[in-house]
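A short worksheet on the structure shown next.
The values are calculated or read from the model by the stated rules, or taken from the named source; none is laboratory data. Fair warning: this is a prediction, and the values are worked out from it, not measured in the lab. Note that each Cβ is placed from the backbone with ideal geometry, even for glycine, and that neighbours are counted across all protein chains shown.
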Amino acid sequence: MRLILLFLLIFYSGFCIASDAKILKASAELTSAQKFNISVTVEHADEGWDHYANAWRVYSLDGKLIGERVLHHPHVKEQPFTRSLLGLSVPIDVKEVMIVAVCSKTGESKASYNLKLR
């Protein structure tokens, strides 16, 4: 019985990990105003309003939140999808950022995407 329970826990834990939103690529463009336009391509098995990738966040490498792009609706039939955050102010000493996707059910993804800015 314990062996069956252990197998089921391992088997279903894979589904929880698989439901994390994933960042496939990202790019940054420095504007003339010395701000960044960040574009991020996200992939997630959106199911509808109860379970979808609902944001991505930009952090400094030391964990400080710099910005967030809220995704206002599910992208069930548009996978992967790319959205941008315009005019992001990034401290001058920050040369690289970490981007994390967010799922409405599981929260922040365990995986992150590092993006060099300068």
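Table for the structure above
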| item | result |
| --- | --- |
| Residue ID - nearest to residue 70 (Cα to Cα), chosen from residues in segment 90-118 that are loosely packed, with under 11 Cβ neighbours inside 10 Å and out of contact with any Asp or Glu (no Cβ under 9 Å at 6 or more places or on another chain) | 91 |
| Qualifying positions in segment 39-86 - modelled with pLDDT under 90, surrounded by fewer than 17 Cβ atoms within 10 Å (Cβ to Cβ) and closer than 17 Å to residue 22 by Cβ | 45, 47, 75, 76, 78, 79 |
| Hits in segment 88-103 - residues which are closer than 20 Å to residue 54 by Cα and either over 13 Å from the mean Cα position of the chain (by Cα) or without any contact (Cβ under 8 Å) to a residue 12 or more places away in the chain (or both) | 88 |
| Positions within segment 84-115 being within 19 Å of residue 47 (Cβ to Cβ) and in contact with a Ser or Thr (Cβ under 9 Å, 6 or more places away or on another chain), in sequence order | 101, 102, 103, 105, 106 |
| Residue check, residue 10 at pLDDT below 90, under 16 Å from the mean Cα position of the chain (by Cα) and in a helix (DSSP H, G or I) | no |
| Search result, residues across segment 66-94 that are under 15 Å from residue 26 (Cβ atoms) and of a type in the set (Lys, Arg) | 69, 83 |
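Here's the yes/no breakdown for (1) in contact (Cβ under 8 Å) with a residue 12 or more places away in the chain; (2) outside any loop (DSSP other than H, G, I, E, B):
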position	(1), (2)
45	yes, no
54	yes, yes
78	no, no
105	yes, no
111	yes, no
